[in-house]
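Before any comments, here is the structure.
The values are calculated or read from the model by the stated rules, or taken from the named source; none is laboratory data. Note that the structure is predicted; figures quoted are calculated from it, not measured. When we count neighbours, we look across all protein chains shown, and the Cβ atoms used for this are built from the backbone with ideal geometry, even at glycine. We work out accessible area using only protein heavy atoms, side chains counted, and drop any ligands, DNA or RNA first. Shrake-Rupley method; radii C 1.70, N 1.55, O 1.52, S 1.80 Å.
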Amino acid sequence: SAWVVLISLIALFADLMPLRDPLEINPDKNFLPVFSKDAWLGTDAIGRDLLSRAIHGARVSLQIAYTAPFISLVCGLALGLAAGYFRGRIESFVGIFVDSILAFPNIVAIMAILFFAGNTLLNIILVLGFFGIPGDARITRANAILFSEREFVLAARAQGASHLRIIIRELLPNVLIPVLSLVLFGMSIVIFIEGALAFLGIGIDPPTPTWGRMISEGFDEITVSPHVTFVPAVVMFLTILSF
């Protein structure tokens, strides 16, 4: 999607763009409307430029989107391939592990973990990656079971290929495609969850701008200056929709 490429490039090169400091406070120019002379997308309650904050806020969301789902992918592939190929006790163990993760409401468990571990960017990435494992593991396991009985796998076994070789050379390429499609969906999900966490005050600590915190900060004035909430909300919506 053109929007994903655009927002990614803008976030990457934000420091080189002629933008105001996203943390710069100017009380004399608070709540400027959209398309103002001094701020294209307006300003918030303390005069910070919404365009600059939305672009710098994209950095947090995109870092999470480009890392957490791939942590889930690697772990889910390993568990799903082992469960689908070896079956038996390994499949039972993986099933119990996956069901244990799904037994807790994800957002509540994530909030609890971040409350005790700290809401740093690394912790958020790791936690979101961990709770994304069940989906990848289940898709991988289902496809591994399907392909493990196909002729090319049986032929490899007959030729004396090791289990590791069969998994890497025969199963992985066939299982990878459907799981990668789930990664794109996972990118949109983690952006949404990070935004929800920030809205609830459990995201990255201020003053680092994030879309969820920007939405939360403007929510009290939504009837007076709705653009303070809607600017980051629209950017976040377009990014999630594009993924």
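Data table
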{"quantity": "Pair list, Cβ < 6 Å and 6+ apart or interchain, from segment 35-50 residues that are without any contact (Cβ under 8 Å) to a residue 40 or more places away in the chain and more than 20 Å from T223 (Cβ to Cβ) to residues that are open to solvent by less than 30 Å² (accessible area, probe 1.4 Å) and assigned to a loop (DSSP other than H, G, I, E, B)", "calculated": "D49/A39"}
{"quantity": "Matching option when the condition is part of a helix (DSSP H, G or I), of a type in the set (A, V, I, L, M, F, W, C) and in contact (Cβ under 8 Å) with a residue 40 or more places away in the chain, among I96, I90, I110", "calculated": "I110"}
{"quantity": "Search result, residues across segment 1-35 that are of a type in the set (S, T, N, Q), within 23 Å of F237 (Cα to Cα), part of a loop (DSSP other than H, G, I, E, B) and open to solvent by less than 50 Å² (accessible area, probe 1.4 Å)", "calculated": "none"}
{"quantity": "Answer from I71, I64 - the residue that is in a helix (DSSP H, G or I), closer than 30 Å to R165 by Cβ and out of contact with any His (no Cβ under 8 Å at 6 or more places or on another chain)", "calculated": "I71"}
{"quantity": "Any hit, segment 147-163, residues being open to solvent by less than 40 Å² (accessible area, probe 1.4 Å), touching a Ser or Thr at 6+ places or on another chain (Cβ under 9 Å) and of a type outside the set (V, I, T)", "calculated": "no"}
{"quantity": "Complete set of residues in segment 131-146 that are small (G, A, S) and open to solvent by 50 Å² or more (accessible area, probe 1.4 Å)", "calculated": "A142"}
{"quantity": "Qualifying residue in segment 151-174 (condition: over 16 Å from the mean Cα position of the chain (by Cα) and closer than 19 Å to V60 by Cβ)", "calculated": "no"}
